[in-house]
Each structure stands twice: as C-alpha cells, then as structure tokens.
Amino acid sequence: MTIPTIEHKPLLHLENVERHYPNGDSVVRALNGVSLTVWPGEFVAIVGQSGSGKSTLMNLIGCLDQADSGHYRVLDRDVANLDADQLAALRRETFGFVFQRYNLLNTASAAENVEIPASYAGMSKPLRRARALALLEQLGLANRSDHRPMQLSGGQQQRVAIARALMNDPPVILADEPTGALDSQSGRDVMALLEDLHRQGRTILLITHDESVAAHARRIIHIRDGHIVSDSGEQHDGCLAVPPPHREPGTTGLLADLSEAGKSATRSLRVNLFRTALTLLGIIIGVSAVVTMMAVGQGSQKKVMDQMTAMGTNLLLIRPGAPGLREGGDVATLSPDDADALAYLDNVQWVLPERSARLTVRHGNVDYATSVQGVSPNLVQVRDWPVASGDFFNDNDMTRFAPVVVLGQTVANILFPFGEDPLGRHILIRNIPFEVIGVLTAKGASASGTDRDDGVFVPLTTGLVRLFGQNHLNGITVRVFDVDAIEATEQAITELLIQRHQTQDFRVRNMTSILVTAAETQNTFTLMLGIVAAISLIVGGIGVMNIMLVSVTERTREIGIRMATGARRRDILLQFNTEAALVCTLGGVIGVVLGFGLGGLLAWFGMTVVFSPLPALLAFSSAFGTGLLFGFLPARKAALMDPVVALAAE
C-alpha cells in the first residue's frame, strides 16, 4: 500500500499535563507534568505497572477525562475549550477504543455492538448494518454476527470490540491492555490485527504492562508514578500515514434517534421481564382505575339525572310547612282550594294536588302494605306516566267520589300473580271495595332508590272522604309551559299562597334547580373518584422512577461504553427517558383495555357504567406524561455521569 506523505503536524499533543485525585486528606498525582506528542501513523506503546498512571493517560488522550492543568490538543483542537457533547463528538470521530474487558453490551448481538458508534454518528440503519457485517467478516466473525457476547470466546469478543473501534473509521485506535484477558494464541491474534491496522495507516496507541506486547510497537514510552521516564523517540520523519479525512457527523433526525432509543429500550426491558412486569403493574392499575372509576362515576351521574329528568324538569313542587321547618309529621297548610287557585296563574299548564298514606290493600287472601295516593286525573300529564292497560280515572269520577283505583306495576304483580288480568277486579282498601280500572307503565326506582311502581292511585276526592279522613294535602305539583320562565312562576305561586294563607307556611322547590344541584353533587363525586384514581397513577409513576434509578445504577458500565463510543448526553437522556415512556405507554394501553374490560364486567352485573373517550384519553396521556416526568430524573442522572467513572463501575 502506498502511504501518502503529510506535513509535520502532530495528531495528539500533550504539554505539561497534570491529573490529581483527592484521597482523604491527601492528593494522588496520577499524572505529573506529562508532555507527549503523537504523530499520524505511529504505533506507540505506553508501558507501566499498575498505578503508574498509564490508564489515566489513556483516558485523557481518549477525551474520557480532562486534565487539571496543562494543555492537550487533538488535531490542533484544545480539548479544554470543549463541552461534554463536543468531547463526545471528538471521541466519536477521532478515537476507537479497545478495552481489556471488551466492554460489549451483553443484551446486544455482535453486529449490534459494532453498530453502536455509527448510530451516534448519524449513519442510517442499512449503511451501518452493512458496514458492521463487513467488518465482522474481515475479522473472521461473519458467522457470529447474531451471537451475543456470552456466546463468544474471549478472543472473539475482543475482535468484536476491534470491529466496533473501526466502525466510524477513526484515525486513532486506543487499545487498553487488549490482550490482558486473553489466552496466548488469542493475544497473538489480536496483536496481529493491530499491526495490520497500523500498516493500513492507523495510529495505534497501546496501553500495556507487558514488555513482550509492547515490543510490537514502533515506539515505546515508559511511565512511572505519573512521569514519563523513557521514550524510544518520536517517529515523524519520512513517509507517514495520513489519517482518514475529517467527516462531519451525519444525522438521521429526531425520529431516527427515537427509533434507535426505542429499540434499545425494548431490548433492555426484555432482558428484565419480571421487573418490567412489576413496573407495568403500577401504571396498569393506575390507568385502569381512572378509566373504570370515571365510567362508574359518569354512570352513576347519568342514572341519577335520568331518574330526576323522568320526574320532569319543568315542575314546581309545593310542600306544606314553613321554610326551614324540619320535614315530617302531617302539616295541614295546603288545601285542594289552593290547587284550584294555582291553576289560573300564567305559565301554569297542569296542577296536581296529592294526598297519600301507607295502607294495606287486599285481593283474595293476599294482603300488601303500599302507598295509597289520592290524586287528580292529570297525574298522567304532570308525571309523564301513561297507562299500560285500562284507563285512568277522569273528572266525572272525581265529582261522584267513585271507588276506582289504578295500580302500579309492582302492586299489580303482587295482588294478581300468574298473569291474571286485574282490570274489572276489586281490591279492598280499609275494607272498602275499589274497582281496578287501569295499570300504569313501569317507572322503576326513583333517585332515592324508592320503587315508584309500589303504589295505587285513587281519585283525590274519594281518598279524602273515604280513606284519609283529612281534607288537607301532602303536596301540590305544578307543571309549567315555559321552563325559561319557571322562576317567575315560582315567585307568582309564592306570592299567591302567602296572600291566601297570610303567612309562608309552605315550601316551593324548583326541579330545575334541584337537577342542577344534583348534577354538581355528581360531578364532585366523579371528580373525587378521578382524584383517587389519579393518586394511584402517581404512585405507579413513582414506582417507574425507582425502577429506572435502579436500572441506571445497574447499567452504569453500559452508559460508560456508550459515552466512550460517542454518545452525547442528549443520546443517553433520550434512551433512558424512552425506556420510562415505553413502560408507561405500554402500561397505559393495557390499563385502558383493562379499564374498559372491568367497566364492562360491572355493567354485566347490573351497574350503570358510561364510557367516554375523554377519561381514557386523559388516563393514557397521564401515563405517558408520568413516564416522561418520572423517567427524567433517572435519565438525567445517567446523562450527567462521568465517562471514566461509569466505565470503571462493576
């Protein structure tokens, strides 16, 4: 191979570099005034025993660490002026690392390990895959590309590490004790590879304690106690290799970065399935609780509102007793004449006077205690309660005090079981025979849970004279034409009754306002359910943060490897945040599905459940946001790690 010549310009230049570490009350001087120049195309061995400072020197040369004083320039760039991401870019473009312990990711295949530097350089997936396979083939590992590190021998793992070091085509290969963990033959193979790379024009820096390994280099530097004690001489005369041209790192955009982070996150989560499942569980419970409880709350609200709406929203309820008087007892302040007077007010459509008592009704040998209500014929219109069979009594029945009765569905089923037709039959109320002339349609339970079909209805006049023994009413219900004018009608009723009674011995309730109050109460109830469910979601998020902090601690060395191969802080932050977001997203999806399933199960058991997309969307969004929020702190901790400290972690 013809090696072109270059002008005499150093590739790496250290001048009076010092690196100190605190050690209790003292200071360890790992490097003390080191000056060194490395020229393109050199093969340099830095030799020293353990503690001599050679590894510290390699960390400084590889921009994994920075000097406390002195100057270090790479391709004429002063590294002291570079921030963390600029140092990562310099490592990515200039250096390829070969470590004694290989430092491969156990969760990735050989090819995926080789691809790591190129992914941070912005190379597209197809290109870096092709290059990784080509490098593995050159190193005799074509048939091992899909194997994970634990499936490879030590020599094969080191060759994968060399392929990774070559992935971005860097001008400098830094080899830290590359044969230290290998058998003799594997060690010789690795050194043969490094010599071959040198012949191809690479600059090789070899860190070793073994003189026989150092003998492969063209230049040998001995270091002891942080000082360079000997240097066989700089070799920069004659024809020198030219480092590969400087390339600006490519870029594939944020979507590609997210895609890579997602793949890495999926791989990491798959390795710890049980822990991932436990982490998911907290989010699943939180999201499903939000969906289910909000559906139950909305269902409860709908049920109450439907029941109250069925009573009529255009009604005014007048009850005896002064405002503030405790309800109960038989208060005699309303009379049938009051009901007749109210019928002439503007906006009044129907007036329903009412009197009721709890009495026993009998048919044959069946006795049943129920509510006997004396009402006027317009109950059907006021209550929107049509007759299912037969007829309701009329004004003529009122005038002649007719002993006729209309049954609710519950009473009809009890007194006339086995499908008997009650029409035309007679029942006894206080031993007075009443002819059954109709059966009302089923109304179901009221908002308070009372069975509205458990009652019978007789003409008010008949009831007052023959059943109740009193001439006053339990209440009057007024139905208005125009709901918008209901408050004015309420005021008119109040003024008329005060004029008639000379005092306010009654209460008027507006069903519209009651409906609004009920809606507010139900909304508060639903909100409380949502808050309780949201708390469980937050607890799940805290669980995610704890698990991610544990994950960061366990994977400290992986973080160091990624930083050494060119990962920026943003890349590390994105990866770990993506893992947290992925957990919460998956948990959110499962939680939404489970929430709908639980709601459907409750509906199957008869509970009123109303699903709407908004709570599910909010729950899922909250789960995703929880992942980002609670995953940020562990991700930030990972991104701010010192590469040297991370690589040294066990």
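The values are calculated or read from the model by the stated rules, or taken from the named source; none is laboratory data. These figures come from a predicted structure and were not determined experimentally. Positions of Cβ are backbone-derived with ideal geometry, glycine not excepted, and every protein chain shown enters the neighbour counts.
Across the stretch 70-125, what is the number of residues that are part of a helix (DSSP H, G or I) and within 33 Å of the chain's Cα centre (by Cα)?
The number of residues fulfilling the criteria is 13.
Give the stretch 66-96 a look and list any residue that's of a type outside the set (A, V, I, L, M) and buried (at least 20 other Cβ atoms within 10 Å of the Cβ), or say none.
Tyr72, Arg91, Arg92, Glu93, Thr94, Phe95, Gly96 - these are the residues of the stretch 66-96 that are of a type outside the set (A, V, I, L, M) and buried (at least 20 other Cβ atoms within 10 Å of the Cβ).
Among Arg636, Arg562, Arg570, Arg557, which is the only one that is surrounded by 21 or more Cβ atoms within 10 Å (Cβ to Cβ), at pLDDT 80 or above, of a type in the set (D, E, K, R) and more than 24 Å from Ile284 (Cβ to Cβ)?
Answer to the selection: Arg562.
Out of Thr399, Thr450, I need the residue that is assigned by TED's automatic domain parsing to the domain that holds Gly364, farther than 19 Å from Pro377 by Cβ and surrounded by fewer than 17 Cβ atoms within 10 Å (Cβ to Cβ). Which one?
Thr450
Just the residues that are under 18 Å from Val361 (Cβ atoms) and free of Cβ contacts under 8 Å to residues at least 12 places away in the same chain, please, taken from the stretch 427-465.
Asn431, Thr450, listed by residue number.
Restricting attention to the stretch 204-223, which residues are part of a strand (DSSP E or B) and either of a type in the set (Ser, Thr, Tyr) or in contact with a Cys (Cβ under 9 Å, 6 or more places away or on another chain) (or both)?
Thr208 - this is the single residue of the stretch 204-223 that is part of a strand (DSSP E or B) and either of a type in the set (Ser, Thr, Tyr) or in contact with a Cys (Cβ under 9 Å, 6 or more places away or on another chain) (or both).
Which one of these is surrounded by 15 or more Cβ atoms within 10 Å (Cβ to Cβ) and either in the same structural domain as Ile561 (by TED's automatic domain parsing) or outside any helix (DSSP H, G or I) (or both): Leu601, Leu628, Leu614?
Residue meeting the stated conditions: Leu628.
Restricting to the stretch 359-391, name every residue that is closer than 19 Å to Leu473 by Cβ and of a type in the set (Gly, Ala, Ser).
Once the filter is applied, which keeps residues that are closer than 19 Å to Leu473 by Cβ and of a type in the set (Gly, Ala, Ser), the stretch 359-391 yields Ser371, Gly374, Ser376.
Answer yes if at least one residue in the stretch 33-56 is in contact with a strand residue (DSSP E or B) (Cβ under 7 Å, 6 or more places away or on another chain), at pLDDT below 90 and surrounded by fewer than 17 Cβ atoms within 10 Å (Cβ to Cβ), and no otherwise.
The answer is yes, given that some residue of the stretch 33-56 is in contact with a strand residue (DSSP E or B) (Cβ under 7 Å, 6 or more places away or on another chain), at pLDDT below 90 and surrounded by fewer than 17 Cβ atoms within 10 Å (Cβ to Cβ).
Restricting to the stretch 39-60, give me the number of residues that are over 12 Å from Asp176 (Cα atoms) and in a helix (DSSP H, G or I).
1
Residues being of a type in the set (A, V, I, L, M, F, W, C) and either outside any helix (DSSP H, G or I) or surrounded by 19 or more Cβ atoms within 10 Å (Cβ to Cβ) (or both): count how many of those fall in the stretch 483-514.
Taking the stretch 483-514 first, the residues of a type in the set (A, V, I, L, M, F, W, C) are 483, 485-486, 488, 492-493, 496-498, 506, 508, 511, 514.
Now drop any that are not either outside any helix (DSSP H, G or I) or surrounded by 19 or more Cβ atoms within 10 Å (Cβ to Cβ) (or both), which leaves 486, 493, 497, 506, 508, 511.
Summing the residues that are of a type in the set (A, V, I, L, M, F, W, C) and either outside any helix (DSSP H, G or I) or surrounded by 19 or more Cβ atoms within 10 Å (Cβ to Cβ) (or both) in the stretch 483-514 gives 6.
What number of residues within the stretch 573-598 are at pLDDT 85 or above and either among the aromatic types (Phe, Trp, Tyr) or in a loop (DSSP other than H, G, I, E, B) (or both)?
Matching residues across the stretch 573-598 total 1.
Can you find, within the stretch 463-482, the residue that is surrounded by the most Cβ atoms within 10 Å (Cβ to Cβ) among those that are in contact with a Gly (Cβ under 7 Å, 6 or more places away or on another chain) and not hydrophobic (A, V, I, L, M, F, W, C)?
Step by step, filter the stretch 463-482, then rank; the result is Gly463.
Are any residues in the stretch 138-172 closer than 16 Å to Arg101 by Cα and outside any helix (DSSP H, G or I), and if so, which ones? So that I can check it myself, show each step before the final result.
Pass one, the stretch 138-172, residues closer than 16 Å to Arg101 by Cα: 148-165.
Selection gives Arg148, Leu152, Ser153.
Give the stretch 373-383 a look and list any residue that's over 56 Å from the mean Cα position of the chain (by Cα) and among the aliphatic types (A, V, I, L, M), or say none.
Within the stretch 373-383, just Val375 meets the criteria.
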